[in-house]
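Following: one structure in structure tokens, then a few remarks.
The values are calculated or read from the model by the stated rules, or taken from the named source; none is laboratory data. These numbers were taken from a predicted model, which means no experiment stands behind them. Neighbour counts run over all protein chains shown; Cβ positions are idealised from the backbone, glycine included. Calculation scope for accessible area: heavy atoms of the full protein, side chains included, ligands and nucleic acids excluded. Shrake-Rupley method; radii C 1.70, N 1.55, O 1.52, S 1.80 Å.
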Amino acid sequence: MRTGRARQHHRRVAVAVIALVAGALGMATLVAPHARADGENYVIATDTTFAPFEFQDGSGNLVGIDMDLIRDIAKDQNFSVDIKPLGFDAALQAVQANQAAGVIAGMSITDERKKVFDFSDPYFESGVQMAVLDDNDDIKSYEDLKGKRVAVKNGTEGAEFAESIRAKYGFEVVSFADSASMFEEVKTGNSVAIFEDYPVLNYGIQQGNGFKTVTPKEKGSSYGFAVNKGQNPQLLQQFNEGLKNLKSSGRYDEIIESYLGESANDADNSFFGLLASTFPILMQGLKMTLILTVVSIAIALVLGIVFGLFRVSRSIWLRAIGTTYVDVFRGTPLLVQAFFIYFGIPSALGFQMTALTAGIITLSLNAGAYMTEIVRGGIQSVDKGQMEAARSLGIGYLPTMRKVILPQAIRTMIPSYVNQFVITLKDTSILSVIGIAELTQTGRLIIARNYQSFTMWLIIGIVYFVVIMALTKLSDRIEHRLVGGRAK
């Protein structure tokens, strides 16, 4: 009789878990934006750190040549845009997965990319230059690079040019995801030079990044706006028409001059100057970090309890479900999970998902796998005699778990739960790859504007340290009251 009740309960729990996962996916479809909504409102993907084409200003607004162009073209052609800063690689994937209608990100028009995207008329003629540190008088030409290392940014014209001459001049190429990291690589002395699009170099030098150009500009390809192959032809046509109108009216030249013309950098780049000027934006990033952490860890706790009970269940099927869940999410990198949930699943099932929803689902499922093992360990730490004694008194399996085993297990689980909370808070930084502006991503956006990598990462590290220490101390007090109180 008890065995029959236990089986019925296991079936009910399994159905509840399936409903929970289905509900999470259903919520994603309800809150997701469409790549193109009614009234010609387009989601446009872009890079996050490619000044002067796209970057955040001191107020946290996304600005740059690309941003001004697409907004002015939208105004000229009577449509609206929803800009999604994702990073270059993620922006391209978003368009391919139909998560965005188009991408504008200083993207060179190449034959290979034409196989995947449809491009607009060129809106900027680029070119590549090599740069070294101001005080480097040894590197003056490509011949001086023999046996040395140079830094490039993934997917850029500079990276392609460096690869094309690498064998001829005998140097090594190392790639980075953003321009700021590439510049910092040379400052550390690990590389001696960079290859970058000349407008990006000129802007960085104006901002006082400590570099100088040492070669003439190499002829480069053109930048273009792109849509998925065979998709959104009307948007492409509107872009071309709007670009033509901006050039004829003189507005195009105004935009280019405002970012590439002669200008002085009068910003205070000292530690306290940067802290004061970036504090409001950093707090917005911290707020997003805490929201992601709190919501995800709450869901992860529920998942951990459910699958933790599965892991210690007498049913071989429930144990198999629990084990599979843990193995999958502990055995794959969080970065891969984020890309799969944000790009893979919507593309395969034909719906859109917001980055925030994908981030919460990713963190919840990942942390839930670790919480499952914490719950399992806590339950198994309770003496088996407790269960046997309760069952001998005629108390059912579930009531015994709820009233006898779990209350004792929680006492041993609290330290591990607090540790997982801190780990999840730090893991939110990985979600910057899908465009969520949490604390780490906010720092990258600021660095893309001012190129003050060392000082900004120091500030961000201090913010993380203060928050994590405060949460740890608070958790220690809660643990002391709960565990200490029960010990009395």
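A few remarks follow.
- Some residue of region 221-228 being more than 19 Å from A162 (Cβ to Cβ), at pLDDT below 85 and in a loop (DSSP other than H, G, I, E, B): no
- Scanning region 86-104 for residues that are in contact with a strand residue (DSSP E or B) (Cβ under 7 Å, 6 or more places away or on another chain) and surrounded by fewer than 22 Cβ atoms within 10 Å (Cβ to Cβ) yields Q96, N98.
- Looking across region 285-335, the residues that are assigned to a helix (DSSP H, G or I) and of a type in the set (D, E, K, R) come down to K287, R311, R319, D327, R330.
- The single residue among L243, L274, L235, L282 that is hydrophobic (A, V, I, L, M, F, W, C), open to solvent by less than 70 Å² (accessible area, probe 1.4 Å), under 30 Å from L425 (Cβ atoms) and touching an Asp or Glu at 6+ places or on another chain (Cβ under 9 Å) turns out to be L274.
- Strands (runs of 3 or more DSSP E) fully within region 139-211 counting 1 or more residues that are closer than 23 Å to T442 by Cα and in contact with a strand residue (DSSP E or B) (Cβ under 6 Å, 6 or more places away or on another chain): 149-153, 172-176
- The set of residues from region 417-451 being touching a residue at least 12 places away in the same chain (Cβ under 8 Å), under 26 Å from H480 (Cβ atoms) and open to solvent by 50 Å² or more (accessible area, probe 1.4 Å) comprises Y417, I423, K426.
- Pairs linking a residue in region 301-319 that is closer than 16 Å to A367 by Cα to a residue that is among the hydroxyl-bearing types (S, T, Y) and open to solvent by less than 30 Å² (accessible area, probe 1.4 Å), with Cβ atoms under 6 Å and 6 or more positions apart or on different chains, are G304/T372; F307/Y325; F307/T372; G308/T372.
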